[in-house]
Amino acid sequence: MSYDVAIVGAGYVGVPLAQVFAEAGSSVLLVDVDASRVERLNRGESYIEDVSSETLKQLVENGLAATTDYDALREADAILIALPTPLSRQREPDLSIVRSATEEIAKRLRPGHLVVLESTTYPGTTREEVLPILERTGLKVGTDFHLAFSPERVDPGRTDFTTKNVPCTERAAELYGAALDTVHRVSSPEVAELTKLLENIFRSVNIALVNELAMLCERMKIDVWEVVDAAATKPFGFMSFKPGPGLGGHCIPIDPFYLTWKAREFDFTTRFIELAGEVNNTMPYHCRSLVSQALNHGAGLSLKDSKVLVLGVAYKADIGDMRESPALKIIELLANAGADVAYHDPYVPELREHGLELRSVPLDPGAHDCVVIVTAHSGIDYDALVERAKVVVDFRNATGRNGTRNGKVWKL
Ligand SMILES: NC(=O)c1ccc[n+]([C@@H]2O[C@H](COP(=O)([O-])OP(=O)(O)OC[C@H]3O[C@@H](n4cnc5c(N)ncnc54)[C@H](O)[C@@H]3O)[C@@H](O)[C@H]2O)c1
């Protein structure tokens with residue numbers, strides 16, 4: 001069996017990417033080390049929220065397949081690498097998964113292959129890390145095989161990038177052009193790698209800016225949400241970012257530090273990135289302090305021994321993704337302060353992370369001393385919640401602009 005595209009890494013990026021190519025008429029193979037994921041994929045059972053099982057089943061019926069066998073890569077024209085690029089415990093780039101997978105790809109590399117790195121990473125990775133491993137085979141880039149970097153973006157407006165010195169532009173652009181609405185070429189893989197990081201750093205820095213403002217507004221007794229909403233009425237020169245309890249998800253809390261690390265090689269300190277990280281990391285601590293104040297002034301209670309319900313633990317609304325969720329830190333901080341913490345999240349029935357082992361409890365606001373809104377899922381009746389709760393601390397402005405409702409609602 002031969003395939004137009006093989007995608008190594010069937011995760012949040014790989015599976016939607018497979019869908020895009022398959023729907024554009026390409027024959028697609030997903031390669032993953034996780035045998036249970038591969039089995040589920042082949043049964044048409046999706047574990048990625050962005051792709052429904054109904055859609056996946058249809059794609060599998062039309063030929064989409066998954067395997068744990070790297071040898072199948074020999075039968076593919078293009079190999080896309082969509083593997084995790086995490087940070088080590090010392091917060092340094094950990095490229096070990098990409099490196100070891102590239103070694104496996106190299107063993108199966110053949111003339112005509114196009115290899116594209118999709119993982120988010122620092123500028124220089126494609127050329128300095130991936131290319132040497134592939135060329136150790138004796139095959140030469142540009143003549144025997146082709147290599148490109150293309151950051152993950154599966155929606156229209158997606159960008160495709162290829163290298164200047166590696167003449168794979170036409171091959172890569174041809175591949176993506178057939179499946180995507182927009183292909184934007186740049187002159188080198190380093191530009192493409194840094195573009196993806198800029199997008200994520202932009203968010204991290206702007207979120208830090210409004211988070212800092214939120215902490216100041218709390219002291220000044222100004223509603224930061226009202227300020228942000230008012231500023232957003234300016235039709236030009238302003239882009240609205242919302243404050244919140246801290247960064248979450250797989251990208252924004254992690255990717256900027258890939259650049260920080262690389263910058264050191266050039267005697268350069270990425271101060272905006274560091275500062276944004278510092279401010280954003282402070283938010284769960286600030287949130288703990290708000291809960292403590294709310295209990296104190298709103299109910300005459302201390303955090304210690306109070307019953308606190310955390311409402312919403314996923315890192316953003318209306319999904320069940322827990323990766324880097326600030327709720328984890330907030331629960332830990334509240335529990336360490338002696339609070340009796342429970343949580344409710346319709347998307348996360350149980351929580352087994354960071355040493356926590358909790359199950360979502362039914363939403364009964366009156367049964368707790370305080371309800372803390374960390375993630376504002378849309379299916380919750382916040383008016384009813386405020387009605388029934390003793391004290392509410394709202395980090396998402398889910399309860400709207402009704403002031404403090406007689407000292408009952410405390411907002412970030
Ligand atoms: N998740 C996002 O929203 C998102 C957005 C933009 C960019 N990215 C970037 O895309 C890349 C992939 O992220 P993701 O979220 O899809 O990761 P993920 O953790 O969801 O999926 C990775 C998959 O790779 C598999 N895997 C691990 N090692 C393997 C190996 N050696 N060979 C084959 N399969 C292996 C895992 O079993 C898993 O299924 C990362 O660089 C990430 O930063 C992610």
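Things to note:
- Any hit, the stretch 26-37, residues being surrounded by 18 or more Cβ atoms within 10 Å (Cβ to Cβ) and at pLDDT below 95: yes
- Residue within the stretch 249-258 that is within 16 Å of the ligand (Cβ to nearest atom) and open to solvent by 60 Å² or more (accessible area, probe 1.4 Å) present: yes
- Residue in the stretch 85-93 that is buried (at least 19 other Cβ atoms within 10 Å of the Cβ) and of a type in the set (A, V, I, L, M, F, W, C) present: no
- In the stretch 114-123 there is no residue that is surrounded by fewer than 18 Cβ atoms within 10 Å (Cβ to Cβ) and more than 13 Å from the ligand (Cβ to nearest atom).
- Of the residues making up the stretch 1-12, those that are farther than 18 Å from SER36 by Cα and either charged (D, E, K, R) or open to solvent by 10 Å² or more (accessible area, probe 1.4 Å) (or both) are MET1, SER2, TYR3, ASP4.
- Answer from LEU131, LEU139, LEU198 - the residue that is modelled with pLDDT of 95 or more, open to solvent by less than 50 Å² (accessible area, probe 1.4 Å) and either within 16 Å of the ligand (Cβ to nearest atom) or assigned to a loop (DSSP other than H, G, I, E, B) (or both): LEU139
- The single condition among (1) open to solvent by 10 Å² or more (accessible area, probe 1.4 Å); (2) farther than 13 Å from VAL205 by Cα; (3) modelled with pLDDT of 95 or more that THR270 does not satisfy is (2).
- Strands (runs of 3 or more DSSP E) completely within the stretch 322-401 that count 2 or more residues being open to solvent by 20 Å² or more (accessible area, probe 1.4 Å) and closer than 29 Å to GLY300 by Cβ: 340-344
- GLN293 falls short on exactly one of the conditions (1) in contact (Cβ under 8 Å) with a residue 60 or more places away in the chain; (2) more than 17 Å from LYS411 (Cα to Cα), and that condition is (2).
- Scoring ALA314 on the criteria (1) out of contact with any strand residue (DSSP E or B) (no Cβ under 6 Å at 6 or more places or on another chain); (2) within 30 Å of GLY379 (Cβ to Cβ); (3) open to solvent by 10 Å² or more (accessible area, probe 1.4 Å) leaves a single failure, condition (3).
- Only residues that are touching a helix residue (DSSP H, G or I) at 6+ places or on another chain (Cβ under 7 Å) and open to solvent by 70 Å² or more (accessible area, probe 1.4 Å) were counted in the stretch 43-60, giving 1.
- GLU226 assigned to a helix (DSSP H, G or I) and either of a type outside the set (Asp, Glu) or surrounded by 16 or more Cβ atoms within 10 Å (Cβ to Cβ) (or both): no
- Among the residues making up the stretch 281-311, a single one is buried (at least 24 other Cβ atoms within 10 Å of the Cβ) and more than 20 Å from ALA389 (Cβ to Cβ): MET283.
The values are calculated or read from the model by the stated rules, or taken from the named source; none is laboratory data. All values derive from a computational prediction rather than experimental measurement. Cβ sites come from the backbone with ideal geometry, for glycine too, and all protein chains shown count toward neighbours. Accessible surface is based on the protein model in full, side chains and every heavy atom, while ligands, DNA and RNA are left aside. Shrake-Rupley method; radii C 1.70, N 1.55, O 1.52, S 1.80 Å.
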